[in-house]
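**Student:** Here it is, the structure, as structure tokens.
Nothing in this text is a laboratory measurement; each read-out follows from the coordinates by a stated rule. All of these numbers come straight from a predicted model, not from anything done at the bench. Please note: Cβ atoms are built from the backbone with ideal geometry, for glycine as well, and neighbour counts cover all protein chains shown.
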Amino acid sequence: MNAMTTSSSIRRLPAIALAVVIVFSFAGYALAQMTAQSVSPVPARFELGLGYSYMHADDVVVQNLTAQTITMTGGGATTSSYFRSMVRVPQHLSGFTLSGFYNVNSWFALGGEVSGLYGSENQPFALYYSEGQSFNDKVSLDRYLYLFGPQVTLQPGERVKVVGHLLAGVVSDRMHVSLPNGNIHVGGFNQVTFYSSDGPSYLSADAFALDAGVGVDFQVTRHFSVGPTFDYVPTHLPSSTGNDWQNNWRAGVTVKCGF
């Protein structure tokens with residue numbers, strides 16, 4: 001491990017430690033509240049949730065594509081060049097979250113969640129043989145999270161619950177890099193065809209992930225509730241810059257069914 005990677009990882013450890021302390025402090029408070037009550041409400045034994053999620057992903061370079069070949073034809077001549085492209089994770093992702101928890105008692109539950117988050121953006125690159133011109137490649141990301149762990153609940157009101165969880169699991173990223181192809185004017189050449197000689201169009205990575213989150217549930221009917229959720233989701237994806245710990249933030253709205 002180089003010095004850059006070690007320094008970057010150390011800088012992110014306080015944020016992860018703080019999230020752990022907050023969640024377990026919340027659990028202790030919930031336990032104290034339960035102990036103080038002579039009669040605790042009986043929760044639904046199982047709780048399923050389905051919601052919309054938005055994630056602001058950390059700005060991280062996952063691969064530096066610097067040895068891609070481009071063939072340019074025009075005016076009866078053909079030449080080759082290279083482009084420089086720093087492929088980054090798209091930062092704005094949205095999708096779904098599906099959760100399921102088993103309530104052991106009125107304040108403690110075990111379960112997990114699966115999320116699918118999707119986004120794309122155009123990212124610039126420059127040709128060596130382009131007289132300073134720059135172009136865009138389209139980077140698309142499909143991110144899936146598989147997380148499991150405990151959840152604690154505090155009920156400050158008859159129809160309001162505050163929940164917090166600390167989950168651990170896997171993040172699975174699938175990226176696709178699309179290069180332009182067609183009539184692009186570059187240094188007197190009218191037809192530019194992009195193709196990869198030694199770099200993939202598809203990038204993928206699986207890594208460790210955590211989720212420290214809190215949410216508020218407003219009871220609508222006996223079996224259904226709805227409310228916002230907020231999560232800090234650190235991931236440990238490899239990066240060409242040495243930034244192997246990423247800080248991701250997620251917000252959403254979830255509908256839950258208890259039975």
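**Student:** Could you work out how much longer the chain between H92 and V255 gets when fully extended? Use 0.36 nm per residue separation minus the Cα distance between them, nm to one decimal.
**Tutor:** 56.4 nm
**Student:** Another one. Using 1/(1 + (r/R0)^6) with R0 = 51 angstrom and r between the beta carbons of Y102 and N136, what's the FRET efficiency to the nearest 0.05?
**Tutor:** 0.60
**Student:** Please give the contour-minus-distance gain from V170 to F208: 0.36 nm per residue of separation, less the Cα-Cα distance, rounded to one decimal in nm.
**Tutor:** Length gained between V170 and F208: 13.2 nm.
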